[in-house]
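Nothing in this text is a laboratory measurement; each read-out follows from the coordinates by a stated rule. Values in this document were obtained by computation on a predicted structure and should not be read as measured data. Note: ideal-geometry Cβ built from the backbone for every residue, glycine included; neighbour counts use all protein chains shown.
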Amino acid sequence: MPMAGRRRFKVKVRGKVRNQLLRRGGAAAGLALGLAAALWFLGAAFKVSHNFLTGRFLSFNQGSFEVNCPATGVAESLRSLTEAASKAPLTARRCAALAADIKRLHPGLATVKIGRNFVTGKARITAEPETAVAEVLLNGATSYLGASGRFMPENLSSSGDVPFRVEVQAEGPQPSLASFISAVKPLSVLFDRKPVTLSCRLPGDGCLFSLEDGSSVLWGEFEFTRTKILRLNEVMERASRYKGGPLRVDLRYFREGKIFVSAVK
C-alpha cells in the first residue's frame, strides 16, 4: 500500500509571545546601539580631556598682555618679550615655557605666573622679585643672597643693604645664612664694637665677625643671636680690662655656656 504523505504543520506563534520576542530583540538592539554610542562618547571625551591637559583645547589668540611686576626694568623687558609671544596661540604649554624663559632671563625673580582670561581675551604676567637679604662677595664675585638662601646675579628688590661687608665661600643655597643675616641686621646696633665684616666658609669654619677695633668673633651656630650679642659685649668689656685689645672671642660653644677669649697676637 502506498504510504500516506506526511502532513506539514505550520507553526503559529501566539501574538503575546511574538510581541515578547520583538521587545527582547528591540531591547538587545537598543542596548548594542547604546553601548556603541557610549564608547564613541568615551573616546571623544578622552580626546577632549587630552587636548585640555596638553593645552591645545584652551589655546586662544590673546588680544593683549598685562604685565604686573614691581621691578620697573623687568616690567619693560617683559613687555618687549610679550610682543613676540602674542603672535601665536597661547596654550598652557606655551605659558609654562614662557614663564621658564622669563625666569632664565631674570633670575632675581622668585615667581612668574601667566594667567589667561577667556572672557576678555587678555593674558596677564605676574612676576615677583625675590627679596635680597644682602649683597655678598661669593667666592670672589659679587652676588646677592636671596631670602630663600639662593645666590642671585641680580637684585630686583629694594632691600639688600647690610651695615657690614659679607664675604662667603660656599656652594649651593644657604637658607640658614640668609635667615641669620636677616635676623642680625636690625640687631647690629646692639654691638658695642661695630661689626665691619662677616666672613663665612660653608660648610667649614662657620662665620667670623671682624669688629671695628680689630677684634674677631667666631660666631658658631646661627642661634641665640640677640643673647649672643649682649653676652659678647659683657665678656669683651671685662676681658679688655685685663688683656687689652684687640681680642679674639670664640662663641662656638655658647650652647654649653662656654665663651673663650684671648688677646690677638
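Contact order normalised by length for the stretch 196-265, with contacts defined as Cα pairs under 8 Å and 6 or more residues apart; what percent is it? All intermediate terms of the calculation are to be shown ahead of the outcome.
Details: 101 pairs, mean separation 18.4, N = 70.
In percent, rounded to a whole number, it is 26.
A simple packing score, the average count of other Cβ atoms within 10 Å per residue, orders the peptides 252-265, 89-102 as 89-102, 252-265, with the highest score first.
For the pair the stretch 219-255 / the stretch 110-143, the C-alpha centres are spaced 40 Å from each other. Of all aspartates and glutamates in the structure, the ones whose alpha carbon falls short of 15 Å from that of Lys113, not counting any fewer than 8 places away in one chain, are Glu66, Asp101, Glu128, Glu130.
Placing +1 on each Lys and Arg Cβ and -1 on each Asp and Glu Cβ, with no other charges, gives the stretch 132-263 a dipole about its Cα centre of roughly 440 debye. Where both partners of a DSSP beta bridge lie in the stretch 64-129, what percent of those bridges are antiparallel, to the nearest 5? DSSP beta bridges in the stretch 64-129 are roughly 60 percent antiparallel.
Distances between placed amide hydrogens fall under 5 Å for Glu167 paired with Leu137, Leu198, Ser199, Cys200, all partners being 5 or more residues away or on another chain.
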